[in-house]
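Read through the structure below, which is laid out as structure tokens, and then see the notes.
Values in this text are rule-based calculations from the coordinates and carry no lab data. Bear in mind the structure is a predicted one, so any value in this text is a computation, not a measurement. Virtual Cβ from ideal backbone geometry, glycine too; neighbours counted across all protein chains shown.
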Amino acid sequence: MIHIKDGWIIGRKTKMNAKQFKKGTQTSSFGSPGRINHDSTVFYASKLYKGLPQEQKTKYVENPIPSQFLDKIFLKSSEKMEELPDNSVHLMVTSPPYNVTKEYDDDLSLKEYLNLLNTVWRETYRVLVPGGRACVNIANLGRKPYIPLHSYIIDGMQEIGYLMRGEIIWNKASSASPSTAWGSWLSAANPVLRDIHEYILIFSKETFSRKKMGKEATIKKEEFLEWTKSVWAFPAVSAKQIGHPAPFPEELPHRLIQLYTFKDDVILDPFVGSGTACLSAIKDKRNYVGYDIDPEYVKLAENRIRQYTNQLSLFKE
């Protein structure tokens, strides 16, 4: 409990001059020790931010998705999502395919692969509501040389106009398989780093905040405090168990759905794979739309969703 006495703000662990509280903290040459009513105007007006995508003053628009297209997975490319109106999706969660030789008929160059992704990101931008978020789970590739896919995706998203919110490091150390790819063993000749992490890149459309519109938030206090940290640690899942070469665990979309959406919002996965994001959406009482060009993956995703909904129906009976 906080109260004011003789010009001081008094709390269980706080005693602050009321004038100081009203003034708040400001960005200084050495940062700021606090974040109470913090004024960062000087920092964001600096040349450092010149030329970067900026938050826009925009009217909030949210268009409904026709019922025949909601809670569906489409066997087609997400480069054109004609089923979805402008400003109709609240969150995009996806992990784009890495092995383009298997996922697509053509052996795409890095430039062609990034062009494909950027086409999907532009279409995703169209269908997101103002303030809607786009979350991309990505791992970097190779060693000779190392391909920093996450940095290429960031560049592409910002060129489209997305506002970057941050990045989460997914620490997979607890489930990382033992690797002997050290390069030169115990020698400075050619030591090789072994990745035990992936990235989750967070962006939003036009504005940083979203209108609540009377919707219900379902995240718990303890979850919010933990999941707003920039490093997450939970195990990966077995590709053999799921039946997909690169599945992400349900924990990943679950956290993003809880953190960035309200109940009954719409979740989009433009590279649906094994359908984990769609399955998590159902479990979190959200709606979903998914796309994939591989009929086997679409079948796998639909089967996983069907098994869960059938078990749910039996439990309710």
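A few points about this structure:
- With a simple spin-label model that places each label point 7 Å from the Cα along the Cα-to-Cβ direction, the separation between GLU55 and VAL42 comes to 2.0 nm.
- Here is the list for the range 125-166: chymotrypsin sites (Phe, Trp or Tyr not before Pro) lying in DSSP coil, each with at most 14 other C-beta atoms within 10 angstrom of its C-beta, are TYR146.
- Those residues of the range 267-290 whose amide nitrogen sits under 11 Å from the label point placed on GLU250, 7 Å along Cα→Cβ: 276-277, 279-284
- Taking each residue as 0.36 nm, the span from LYS80 to LYS212 lengthens on full extension beyond its C-alpha to C-alpha distance by 44.7 nm.
- By the beta-carbon count within 10 Å of each Cβ, the least crowded to most crowded order of ASP284, ASP265, fewest first, is ASP284, ASP265.
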